[in-house]
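Every read-out reported here was derived from the displayed coordinates using simple, explicitly stated rules and does not represent laboratory data. Quick caveat, the model's predicted, so the values are computed rather than measured. Reconstructed Cβ throughout: ideal geometry from the backbone, glycine too, with neighbour counts over all protein chains shown.
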Amino acid sequence: MKQVCVFCASSSKVSDIYTNEASELAKSLVGNDYGIVYGGGAVGLMGTIADSALAAGGAVKGIIPRFMVEVEWEHPEVKNMTHVDTMAQRKALLIEQVDAVVALPGGTGTLEELFEVVSLKKLGLFHQPIILVNTQGFFNPLLEMMDKMVEEEFMREAHLQLWQVVEKADEVVQAIQQTPQWDKDAIRFAAV
């Protein structure tokens, strides 16, 4: 079974628009025979991803630091759960042997995870598709910043191909399947 890592928010206060998209993403991935790897949380979009995937009969794997377990953030229904000591270990395991990464809207943790995997791909250390689900234009300011980085020559224009952007969760599977293979020798053009 192919695996997709999903980065997303743990906030339970976000609009239903984001929660509904998270649910649609989980159902779409499961319906297309993808297992889901995520941060192991029980609330917010993380909880929605797990709940919706499990309800659809999908395979869900959680990776969560022990300190989050201690404050009861761990999803009790996810049986395939790995406990780690640090956030760095969590991030490494989240993307290990996955076939794609999908980022839903989120806060600083989501952006940190996203930028780490984008940086790894830029350096040729990660080659799989990275898909941003741009619900309600959430990622527009970030995408403008990335364009600015190219404009000001902090990165190459080719690096704007590190990720793909979709507007709706039901477009993710097609985006994964249609993303061109990233150059295995990307380190050659990582620097500007």
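Observations on the structure shown:
- Residue selected from segment 45-61 under the condition out of contact with any strand residue (DSSP E or B) (no Cβ under 8 Å at 6 or more places or on another chain) and of a type in the set (A, V, I, L, M), by the criterion nearest to Trp73 (Cα to Cα): Leu45
- Matching residues in segment 39-69 - criterion: being over 19 Å from the mean Cα position of the chain (by Cα) and over 18 Å from Ser11 (Cα atoms): Ala55, Ala56, Gly57, Arg66
- Evaluating Glu153 against the criteria (1) charged (D, E, K, R); (2) in a loop (DSSP other than H, G, I, E, B); (3) within 27 Å of Ser12 (Cα to Cα) leaves one unmet condition, (3).
- As for segment 178-191, it holds at least one residue that is touching a Leu at 6+ places or on another chain (Cβ under 9 Å), assigned to a helix (DSSP H, G or I) and over 16 Å from Cys8 (Cα atoms).
This table checks each residue for (1) of a type in the set (A, V, I, L, M); (2) over 24 Å from Gly40 (Cα atoms); (3) out of contact with any Asp or Glu (no Cβ under 6 Å at 6 or more places or on another chain).
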| site | (1), (2), (3) |
| --- | --- |
| Gly107 | no, no, yes |
| Val118 | yes, no, yes |
| Leu143 | yes, yes, yes |
| His159 | no, yes, yes |
| Val165 | yes, yes, yes |
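- Test: residue in segment 4-15 that is out of contact with any helix residue (DSSP H, G or I) (no Cβ under 9 Å at 6 or more places or on another chain) and either outside any strand (DSSP E or B) or surrounded by fewer than 20 Cβ atoms within 10 Å (Cβ to Cβ) (or both): no
- Checking each residue of segment 62-77 against the condition of being among the aromatic types (Phe, Trp, Tyr) and surrounded by fewer than 20 Cβ atoms within 10 Å (Cβ to Cβ) gives at least one match.
- Residues that are part of a loop (DSSP other than H, G, I, E, B), among the hydrophobic types (A, V, I, L, M, F, W, C) and buried (at least 23 other Cβ atoms within 10 Å of the Cβ), drawn from segment 104-142: Leu104
- Identity of the residue in segment 145-174, in contact with a strand residue (DSSP E or B) (Cβ under 6 Å, 6 or more places away or on another chain) and under 17 Å from Lys121 (Cα atoms), that ends up surrounded by the fewest Cβ atoms within 10 Å (Cβ to Cβ): Val165
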